[in-house]
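Trainee: My questions will all concern the structure given below.
Computed from the coordinates by the stated procedures, all read-outs in this text should not be read as laboratory data. The structure presented is a predicted model; accordingly, all values stated were derived computationally and were not measured. Note that each Cβ is placed from the backbone with ideal geometry, even for glycine, and that neighbours are counted across all protein chains shown.
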Amino acid sequence: MAAAGVCLASAPGFAALDNDDAPAIAKGSAIVEGAIRRGPTSARRLALVFTGHDHAEAGETILDELAKHRAQGSFFLTGDFLANPRLAPLIKRIVAEGHYLGPHSDKHLLYCEWEPPKKRLVSREEFDDDLTANLRKIAGFTPERPVYFLPPYEHADAEIARWTEARGMRLVNFTHGTRSNADYTEDDAPNFVPSREILESILRRERDDPHGLSGFLLLLHIGTSPKRTDKFADHFDDLLNRLAERDYEFVRVDELLDWREPSGERKLFGGRGKAPGAGGSRGSPP
């Protein structure tokens, strides 16, 4: 529920967009600045996490490969992405195939400065207004209420995590240790990382980490600028094949973090029940 004193709490439909309580943090999860950065490492499973704002050219390829491997993904999309009519068929497919659909902010706001002490750049009211707008657009595609929120730019602080918890959700972010989040870098940019190097960094971490990639939130982008011609989506099948050979299971972020209702059903906007496409833990080929 919204924190007391936040003027948005009286806005029509606000309560229906919020959960009663934030989900419990699964035992063994790694927390950094209030955000869950890695799930339990006791099982060989990880979450493939995709963010989207203004590009989506890899979307169909990603969904095709997830279906081929009977894998589940988690898609955190901005309100601008959700409001784009050209992307509606892709979003509907994400929901229909049982993947997680969560918020990534409405307008892709930068919450904090990049350098310490990370001065906050949004007020509590601006944060709540923007997140509410994002959730309303999600509600236009699925009755399932998100319980996890991945911040825009994958950048936040402990106060943003507290504000998220007050809305009945948990802040999550990608697990450090690979270059997967650099799949957006443009060909001519100083920070450009080739897709082959990204793939090798993931496999190297799997080999060198005592827990492999267990509990990982492995972040990729559903689309990147046309100025990046070396698309990681061209290597996605190879990645899934290699990790499947190592006996990893690809699960939704809410399954990885072991959140569930006491009834075993998922939370819906305005109530509880089984959301469409929520039949099993893995997707089925179309």
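Trainee: Using the Cα centre of region 7-257 as the reference point, and only Cβ charges (+1 on K/R, -1 on D/E), how large is the resulting charge dipole? Debye, rounded to the nearest 20. Spell out each step's value before the answer.
Mentor: On the way: 32 positive and 42 negative charges, 93 e Å.
Dipole size: approximately 440 debye.
Trainee: Could you give the length gained by full extension between LYS119 and GLU245, i.e. 0.36 nm per residue of separation minus their alpha carbon distance, to one decimal place?
Mentor: 40.9 nm
Trainee: Helix 236-245 versus the longest principal axis of the chain: what angle, 0 to 90°, nearest 10, using Cα atoms?
Mentor: The angle comes out at about 80 degrees.
Trainee: Can you tell me the FRET efficiency between ILE25 and ALA88 if r is taken as the Cβ-Cβ distance and R0 is 41 Å, rounded to the nearest 0.05? If you can, show how the numbers build up before the last one.
Mentor: On the way: r = 34 Å, r/R0 = 0.83.
Calculated transfer efficiency: 0.75.
Trainee: So what is the 222 nm mean residue ellipticity for the chain from helices alone, if each DSSP H run of at least 4 adds -39500 (n - 2.57) and you divide by all residues, rounding to the nearest 500 deg cm²/dmol? All intermediate terms of the calculation are to be shown ahead of the outcome.
Mentor: Values: 9 runs with 80 residues, N = 286.
It lands at -8000 deg cm²/dmol.
Trainee: From the phi of every residue in region 145-157, what ³J(HN,Hα) in whole Hz does the Karplus formula 6.51 cos²θ - 1.76 cosθ + 1.60 yield, where θ is phi - 60° and glycine or proline is x?
Mentor: Whole-Hz 3J(HN,Hα) from phi for region 145-157: 7, x, 10, 10, 10, 9, x, x, 6, 6, 9, 7, 9.
Trainee: Same structure, new question: Among TRP163, LEU17, ASN241, flag the residue with its Cα farthest along the positive direction of the charge dipole of the chain, charges on Cβ as +1 for Lys/Arg and -1 for Asp/Glu.
Mentor: With unit charges placed on the Cβ atoms, the residue in question is LEU17.
Trainee: Which order do ASP157, ASP237 fall in if you start with the one that has the fewest other Cβ atoms within 10 Å? Mind showing how you got there, number by number?
Mentor: Numbers: ASP157 19, ASP237 14.
So the residues, fewest neighbours to most, are ASP237, ASP157.
Trainee: Still on this structure: In which sequence would TYR248, TYR153, TYR100 go, from the one with the fewest C-beta neighbours within 10 Å to the one with the most?
Mentor: Numbers: TYR248 20, TYR153 15, TYR100 27.
Sorted ascending by nearby Cβ count, the order is TYR153, TYR248, TYR100.
Trainee: Taking the Cα centre of each part, how many Å lie between region 176-208 and region 39-100?
Mentor: Using only Cα atoms to place each centre, the spacing works out to 20 Å.
Trainee: Can you give me the distance in nm between label points at ASP234 and GLU186, each placed 7 Å from the Cα along the Cα-to-Cβ direction?
Mentor: A separation of 1.9 nm, rounded to one decimal place.
Trainee: Out of TRP114, VAL193, GLY52, whose Cα points farthest toward the positive end of the dipole of the chain (charges: +1 Lys, Arg; -1 Asp, Glu; placed on Cβ)?
Mentor: Of the options given, the answer is GLY52.
Trainee: Now a separate question. Which aspartates and glutamates, on any chain, are close to LYS118 with Cα under 19 Å apart, when same-chain ones fewer than 8 places away are left out?
Mentor: Those aspartates and glutamates meeting the cut-off are GLU33, GLU126, GLU154, ASP157, GLU159.
Trainee: Taking N as the number of residues in region 7-257, what is its alpha-carbon radius of gyration divided by 2.2 N^0.38 Å?
Mentor: Numbers: Rg = 17.3 Å, N = 251, 2.2 N^0.38 = 18.0 Å.
It is 0.96.
Trainee: Then there is this: So for TRP163, TRP114, fewest C-beta neighbours within 10 Å to most, what's the order?
Mentor: Numbers: TRP163 23, TRP114 9.
Ordered by Cβ neighbours within 10 Å, fewest first: TRP114, TRP163.
Trainee: Long-range amide H contacts for LEU268: which residues qualify at under 5 Å (H placed 1.01 Å from N, peptide plane, sequence gap of 5 or more or a different chain)?
Mentor: Residues meeting the amide H criterion: ARG145, GLY273.
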